[in-house]
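Participant: This structure is in structure tokens; I'll ask about it shortly.
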Amino acid sequence: MASDDLIRLSAAELGAAIAAGETSSVDATRAYLDRIDAVEPDINAFLHVGRDSALEQARTADRRRADGEDLGPLAGVPIAHKDVFCTKDMPTTAASKILEGWQPPYDATVTARLRDAGLVILGKTNMDEFAMGSSTENSAYGATRNPWDTARVPGGSSGGSSAAVAAFEAPLATGTDTGGSIRQPAAVTGLVGAKPTYGGSSRYGVIAFASSLDTPGPFARTVLDAALLHEAFSGHDPRDSTSVDAPVPGVVEAARRADVQGLRVGVVKEFGGEGYQPGVTQRFQESVELLESLGAKVVEVSCPSFTSALAAYYLIAPSEASSNLARFDAMRYGLRVGDDGTRSAEEVMSLTRAKGFGPEVKRRIILGTYALSSGYYDAYYGSAQQVRTLIKRDFDAAFEHVDVLVSPTTPTTAFPIGERADDPMAMYLADLCTIPTNLAGNAALSVPCGLAPEDGLPVGLQIMAPALADDRTYRAGAAVEAALAERWGGPLLGTSAYAV
Ligand code: GLN
């Protein structure tokens, strides 16, 4: 098969073609590595590409297949990992100077499970430093560009992963979603991205940002591909104390089922109107009408506490981050500055942290330390936790009447690089619609629902479900995807400037 034909296949199709002997993992991996060489100067999605190790893993996958091993549907398929997942054969930096060149001695559970399933690691993708941001401009290694328009951001914090999949540099990628960092970049690059139920995917070996929110999840070009990846790395992990010991929701079956007949869909009243780009609102409303025409029962639902979610998140996430990032103390990992024999450990620590952390990370550490300080703890952190409970109650009340909730994934399409770089509030607003799901710990997915008429850029539809009902988001997402592909005569991504 020609290179372009190989990289145009979905991950499911590629896995099947490898299994049928129509192509090999080595050929597919080589095609993707060549594609990476060709487009990386424009996109900058990768912090590290492991050409030799990828080809070695591909040869192993082909040999395991030839030996008759019973391998999963994604065996031999290449993947890119967000640089927040520990990989024992590649550096892991979380896009921070403080971890420059650090090579972990072990694999994250997600990485290890996907290795066992025969997936081939192409490399590590760029991100906002320590996953703090919504544009990938906070990387210490330069911004990533959106393949739909290279003057714009690919979303964040998993923007390297979204750009890599959207530019056909990888068929699949992993990300982490703490406040929206999978769904938001997926939405603005025309991809499918899912935030699994909290605890449904293991945090072991994932560099921590906010431990009560961080959730590893999939990026893919199709809903079925996202489901296959979701299933491949999910499930109980005794190494993660917050891992859920429950069966993995039937996401693959749901993606194949792809129907919404009789599904009760709630439109979140609080997400829309003023501040939303008209083209985003238009495509969202059309998706709601589409769901109705496919047999869903649509009602409007009010979740009044969702309007306080952003404020609560920006106290809780920095609080947890300030504690998690204390481990970067110049003694145990990576960078060490000023250790010339004349300075105390405290001085070296302070010089290292001053030099190793970027401005947004420092802002979060200061904010979190302040919010947790004894005189303010109840007023800030305590109140934010109360809001969190109210949000959870809004979800619970809504899910008594509906099976899923829907909203736009983001208020606007991808914004120009630099536009919000000096305006943290504007940047934080990118996650307005995604944050409630993280605070409640339930499941959500973003699926492309068209291009905004005013700028021709992708819009995402967010589908939210109760905890451990991830399958509902896939079922509805796949139905929307199938109906739109029929309407458009093909996948949305096929119209991008970087389509192959
Ligand atoms: N943009 C949000 C933040 O900056 C969410 C990040 C994330 O989900 N990792 O915190």
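The values are calculated or read from the model by the stated rules, or taken from the named source; none is laboratory data. Predicted, not measured: the structure shown is a model, and the values here were computed from it. Cβ coordinates were reconstructed from backbone atoms using ideal geometry, including for glycine residues, and neighbour counts include every protein chain displayed.
Participant: Across region 456-497, what is the number of residues that are modelled with pLDDT of 95 or more, part of a helix (DSSP H, G or I), buried (at least 18 other Cβ atoms within 10 Å of the Cβ) and aliphatic (A, V, I, L, M)?
Facilitator: So the count comes out to 5.
Participant: Filter region 361-386 down to residues that are within 16 Å of the ligand (Cβ to nearest atom) and among the charged types (D, E, K, R) and give me whichever is farthest from L310 (Cα to Cα).
Facilitator: Only one residue tops the list, namely K362.
Participant: Kindly check whether there is at least one residue in region 387-410 that is touching an Asp or Glu at 6+ places or on another chain (Cβ under 8 Å) and among the hydrophobic types (A, V, I, L, M, F, W, C).
Facilitator: no
Participant: Looking only at region 421-439, count every residue that is away from the ligand (no atom under 11 Å from the Cβ) and out of contact with any Asp or Glu (no Cβ under 6 Å at 6 or more places or on another chain) and tell me the total.
Facilitator: Restricting attention to region 421-439, the residues satisfying the condition of being away from the ligand (no atom under 11 Å from the Cβ) are 421-423, 425-426, 433, 436, 439.
Filter once more, so that each one left must be out of contact with any Asp or Glu (no Cβ under 6 Å at 6 or more places or on another chain): 422-423, 425-426, 433, 436, 439.
Residues flagged as away from the ligand (no atom under 11 Å from the Cβ) and out of contact with any Asp or Glu (no Cβ under 6 Å at 6 or more places or on another chain) within region 421-439 amount to 7.
Participant: Could you say which residue among G341, G334, G279 is modelled with pLDDT of 95 or more and under 26 Å from the mean Cα position of the chain (by Cα)?
Facilitator: G279
Yes/no matrix, rows are residues, columns are (1) assigned to a helix (DSSP H, G or I); (2) touching a residue at least 24 places away in the same chain (Cβ under 8 Å); (3) within 26 Å of P147 (Cα to Cα):
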| residue | (1), (2), (3) |
| --- | --- |
| G15 | yes, yes, yes |
| L33 | yes, yes, yes |
| A58 | yes, yes, no |
| R63 | yes, no, no |
| R115 | yes, yes, no |
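Participant: While we're looking at this one, here's another question. Are any of the residues in region 123-134 on the phi > 0 side of the Ramachandran plot, of a type in the set (F, W, Y) and either crowded, with 24+ Cβ neighbours inside 10 Å or within 11 Å of the ligand (Cβ to nearest atom) (or both)?
Facilitator: Yes.
Participant: Do any residues in region 376-395 that are free of Cβ contacts under 8 Å to residues at least 24 places away in the same chain have Cβ atoms under 8 Å from those of residues that are surrounded by fewer than 20 Cβ atoms within 10 Å (Cβ to Cβ) and part of a helix (DSSP H, G or I), where the two are at least six apart or on different chains, and which pairs are they?
Facilitator: From residues that are free of Cβ contacts under 8 Å to residues at least 24 places away in the same chain, the pairs are Y376/Y370.
Participant: Across region 346-376, what is the number of residues that are surrounded by fewer than 17 Cβ atoms within 10 Å (Cβ to Cβ), at pLDDT 95 or above and over 19 Å from W102 (Cα atoms)?
Facilitator: Number satisfying all stated conditions: 9.
Participant: Something else now. Within region 309-360, work out how many residues are of a type outside the set (S, T, Y), assigned to a helix (DSSP H, G or I) and within 16 Å of the ligand (Cβ to nearest atom).
Facilitator: Result for region 309-360: 14.
Participant: Another question, if that's okay. Quick one: in region 292-308, which of the residues that are under 21 Å from G477 (Cβ atoms) and β-branched (V, I, T) is nearest to the ligand (Cβ to nearest atom)?
Facilitator: In this case the residue turns out to be V301.
Participant: Looking for something touching a helix residue (DSSP H, G or I) at 6+ places or on another chain (Cβ under 9 Å), aliphatic (A, V, I, L, M), within 13 Å of the ligand (Cβ to nearest atom) and not in a loop (DSSP other than H, G, I, E, B) - is there at least one such residue anywhere in region 153-161?
Facilitator: no
Participant: If we scan region 96-104, do we find a residue that is farther than 14 Å from I18 by Cα, outside any helix (DSSP H, G or I), among the hydroxyl-bearing types (S, T, Y) and free of Cβ contacts under 8 Å to residues at least 60 places away in the same chain?
Facilitator: no
Participant: Give me the pairs, please: first residue somewhere in region 415-432 and closer than 17 Å to G159 by Cα, second residue anywhere and among the acidic types (D, E) and surrounded by 14 or more Cβ atoms within 10 Å (Cβ to Cβ), beta-carbon distance under 9 Å, and either six or more positions apart or on two chains.
Facilitator: P416/D149; I417/E137; G418/E137; R420/E137; A421/E137; M427/E137; M427/E360
Participant: A follow-up question, please. If you go through region 394-442, how many residues are outside any loop (DSSP other than H, G, I, E, B) and over 19 Å from V260 (Cβ atoms)?
Facilitator: 19
Participant: Right, here's the next one. Would you check which residues across region 180-208 are within 16 Å of the ligand (Cβ to nearest atom), more than 13 Å from D470 (Cα to Cα) and hydroxyl-bearing (S, T, Y) and list them?
Facilitator: S181, T189
Participant: Let me ask something else about it. Hey, does region 209-222 have a residue that's part of a loop (DSSP other than H, G, I, E, B), farther than 17 Å from A164 by Cα and away from the ligand (no atom under 16 Å from the Cβ)?
Facilitator: Within region 209-222, not a single residue is part of a loop (DSSP other than H, G, I, E, B), farther than 17 Å from A164 by Cα and away from the ligand (no atom under 16 Å from the Cβ).
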